[in-house]
1. Could you go through segment 91-100 and let me know if any residue there is surrounded by 13 or more Cβ atoms within 10 Å (Cβ to Cβ), closer than 25 Å to Pro168 by Cα and not polar (S, T, N, Q).
2. Do we have Ile68 as within 28 Å of Ala123 (Cα to Cα) and surrounded by 10 or more Cβ atoms within 10 Å (Cβ to Cβ) here?
3. Among the candidates Ile127, Ile54, single out the residue that is out of contact with any Pro (no Cβ under 9 Å at 6 or more places or on another chain) and either assigned to a strand (DSSP E or B) or surrounded by fewer than 10 Cβ atoms within 10 Å (Cβ to Cβ) (or both).
4. Need pairs with beta-carbon distance below 8 Å; first residue within 24 Å of Val169 (Cβ to Cβ) and within segment 136-152, second exposed (fewer than 14 other Cβ atoms within 10 Å of the Cβ) and of a type in the set (Asp, Glu); sequence gap 6+ or separate chains.
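The values are calculated or read from the model by the stated rules, or taken from the named source; none is laboratory data. Keep in mind that this is a model prediction, so the values were computed, not measured. FYI the Cβ positions are ideal-geometry reconstructions off the backbone, even for glycines, and counts take in every protein chain you see.
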Amino acid sequence: MSTINLLPWREEKRKELQSQFIMMLSVVAVLAAAAWGAVHYYHVQLIDVENSRISHVEQNIAAVDKKIKEIKELEKEKERLLSRMRAIEQLQGNRPLIVRFFDELIASLPEGMTVTKITQKGAGLTIDGLAQSNAGVSSFMRKLEGSKWLANPRLKIIKESKEGGNKPVNSFTLTFSQVIPKIVEAD
């Protein structure tokens, strides 16, 4: 019988299988790299989309912040204008008070009494004057208490002095408040 050597054939078959395995392995490696690249590209695209959304939101936030700042400035301007309007309204409302004050002062001032100085701080008034007697000052205070526009008269100082002759003169300082009477509505 002749001898057949099968070893080279087996070795060729083994080399062929090994080359197929390497080729399949490289194809799988290329496909895996392509799949990884596709997934990476997809995630990069998602990140880019989210970054563009974030930048769009940040732009909107900046625009809204700018509008909020403008609104706050407008609010400050509005408050400043409202305070001016209130001050003007208060001045317009208090304009007749000075006329009413002098009218009430003249009506309450008895004979023999002279006012030398009037000082006003807010609603508080201080009068310095001269009177021929203490009774005149008392009468003046009673008339002030009865007034609707003047209230709380308080005598601070009364001094007797002789001015220019033998007749005594009383100098006095009197404080009181100016009020606005409330209008009573009929039912």
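1. no
2. In short, no.
3. Ile127
4. Between residues of segment 136-152 that are within 24 Å of Val169 (Cβ to Cβ) and residues that are exposed (fewer than 14 other Cβ atoms within 10 Å of the Cβ) and of a type in the set (Asp, Glu), the close pairs are Gly136/Glu111.
Each row is one residue, and each column tells you yes or no for (1) touching a Gly at 6+ places or on another chain (Cβ under 9 Å); (2) modelled with pLDDT under 80.
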| site | (1), (2) |
| --- | --- |
| Met85 | no, no |
| Arg95 | no, yes |
| Phe101 | no, yes |
| Leu105 | no, no |
| Gln132 | yes, no |
| Lys143 | no, no |
